[in-house]
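Below is one structure. I have some questions about it.
Nothing in this text is a laboratory measurement; each read-out follows from the coordinates by a stated rule. All values reported here derive from a predicted model rather than from experimental measurement. Cβ atoms come from the backbone with ideal geometry, glycine included; neighbour counts cover every protein chain shown.
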Amino acid sequence: MSEDKLPMENLEEELAFLVEQYGLAEVIKSLGSHQIKKSNENVLTIVCNKGLHPLPSTILNGEIFVASEGNLDFSSIESTQKVFEEILARTADKVRSKNWDRVYIVPFGHVTLSMQIKLLCYRILGTDTIDWFYLNALGYFPLELRLRELITSK
């Protein structure tokens, strides 16, 4: 058997050893930096707002779409509504442009905008997005929640 196809019990032993040697946070950070490369052919990464935070190339998968950039006009309810509608309309066009296998969301910018983009993707595609989550100790890792399974269990 090749080393990259260890039986489950050996894999568990190896992981336990690594956690004991280096600590859980370091093991998770290391695994996250060596993401399994799947085909990026039908993969979309949506950056909700580009500008304030550094955007590491390690979290950019497939085709990159920047939904908004820089400071947005939130000076009034009307301007906020207009900005959101413009961003969401452009994002909807992009999401509808192809049959995406996976969609990653980089939730930079205002949390409400990221929430609306995630909901928009679900309403158009009918599938959950994979959200990049950041922890100081671990860096970025893909957070993939199966909401349909959570909703329908029990």
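If the cut-off is 20 Å between C-alpha atoms, which aspartates and glutamates fall inside it for LYS94, apart from same-chain ones fewer than 8 positions away?
GLU41, GLU63, GLU69, GLU85, GLU86, ASP128, ASP131
Quick one: Debye curve from the C-alpha atoms of the range 58-99, no solvent, what's log10 I(q)/I(0) at q = 0.15, 0.19, 0.20 Å⁻¹?
Ignoring solvent entirely, the Cα scatterers give -0.47, -0.67, -0.72.
For the range 144-154, what does the Karplus curve 6.51 cos²θ - 1.76 cosθ + 1.60, with θ = phi - 60°, yield as ³J(HN,Hα) per residue in whole Hz, taken in order and with x for Gly and Pro?
Karplus-based 3J(HN,Hα) across the range 144-154 equals 10, 9, 9, 4, 4, 5, 5, 5, 8, 6, 6 Hz.
Out of every Cα pair in the range 51-154, what percent are spaced more than 16 Å from each other?
Working: 3330 of 5356 pairs.
Tail of the P(r) past 16 Å holds 62 percent of the pairs.
Kindly work out what percent of the DSSP beta bridges joining two residues of the chain are antiparallel, to the nearest 5. Kindly include the intermediate steps, with their values, before the conclusion.
Working: 5 of 17 bridges.
Roughly 30 percent of the beta bridges in the chain run antiparallel, per DSSP.
Looking only at GluC sites (Glu not before Pro) in DSSP loops with at most 10 other Cβ atoms within 10 Å, what is the longest site-free stretch of the chain? Show your work: numbers first, answer last.
Working: sites that count: GLU3, GLU41.
Here the longest run is 42-154.
Just from its helices, what would the mean residue ellipticity at 222 nm be for the chain, if runs of 4 or more DSSP H residues each count -39500 (n - 2.57) and the sum is divided by every residue, rounded to the nearest 500 deg cm²/dmol?
Numbers: 5 runs with 66 residues, N = 154.
Per the formula, -13500 deg cm²/dmol.
Straight-line reach from LYS82: which aspartates and glutamates fall under 12 Å, measuring Cα to Cα and dropping same-chain residues less than 8 apart?
Those aspartates and glutamates meeting the cut-off are ASP73.
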